[in-house]
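The values are calculated or read from the model by the stated rules, or taken from the named source; none is laboratory data. Treat the numbers as computed from the prediction; the structure is a model and nothing was measured. Counting neighbours? That spans all protein chains shown, and the Cβs are built from the backbone with ideal geometry, glycine included.
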Amino acid sequence: MRWKKRAAWGRRPLAVEEWAVLHAEVIAEDLIAVDDAVEELTGFMDPFRADVEEGPLVGVTDGQLSVAKREFHDQRGRRGLKLSFYAAGAATGTGNDAFDRLNSAASALLDHLNAEGITVESIRWTEADHMTRPF
C-alpha cells in the first residue's frame, strides 16, 4: 500500500507555476477514522478554494503542499475516500522538491494510519499530470 516516488513524472519537467499531483483512493471499513487521521495531519493548514478547469477545488494548504478530499464509490460499489495531494516545486524551478513533498506526505499518511491502528483495505495511488497552480 505504500507509494514510493521512483522518478519525477509528467509529460515534461515540472514548471515553477505548476503542481505535481498524486491521488490516493482509500478503501477502509471505518472511513470516519481515516478522515479524522487526515484532519489530524492537515489541521495546521489553511483552507483554500480555487476555480480550476475541472471546477471548484477545495482543500487545505501550507503553501507548498495542498490536500483535497472527497468521498467516492469504487467499481464494486464500496465507499472510499479520495485524497488529492498537490505539491509545488522549488521557486527556482530546479530539483524534485514537489515529488519529495508528495513522497513525504504519502509516507506520513500511512505511518499515521498505522500508528492509530486504522485498518485500511486498500490504497490505490495514481500519479496525475501536472496542473497549473491556481494560487
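Just a few scattered comments:
- Enumeration of residues in region 94-107 that are surrounded by fewer than 17 Cβ atoms within 10 Å (Cβ to Cβ) and either of a type in the set (Gly, Ala, Ser) or in a strand (DSSP E or B) (or both): Gly95, Ser104, Ser107
- Test set (1) modelled with pLDDT of 95 or more; (2) on the phi > 0 side of the Ramachandran plot - Ala28 fails condition number: (2)
- Count of region 49-69 residues which are part of a strand (DSSP E or B) and over 12 Å from the mean Cα position of the chain (by Cα): 8
Residue-wise test of (1) in contact (Cβ under 8 Å) with a residue 24 or more places away in the chain; (2) among the charged types (D, E, K, R); (3) surrounded by 12 or more Cβ atoms within 10 Å (Cβ to Cβ).
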position: Arg11; (1), (2), (3): yes, yes, no
position: Leu14; (1), (2), (3): yes, no, yes
position: Ala20; (1), (2), (3): yes, no, yes
position: Leu31; (1), (2), (3): yes, no, yes
position: Met45; (1), (2), (3): no, no, yes
position: Asp62; (1), (2), (3): no, yes, yes
position: Leu65; (1), (2), (3): yes, no, yes
position: Ala68; (1), (2), (3): no, no, yes
position: Gly80; (1), (2), (3): yes, no, yes
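- Cβ separations smaller than 6 Å between residues 6+ apart or across chains give the following pairs from region 108-135 residues that are over 18 Å from Gly59 (Cβ atoms) and loosely packed, with under 12 Cβ neighbours inside 10 Å to residues that are at pLDDT 95 or above and of a type in the set (A, V, I, L, M): Glu121/Ile27; Glu121/Ala28.
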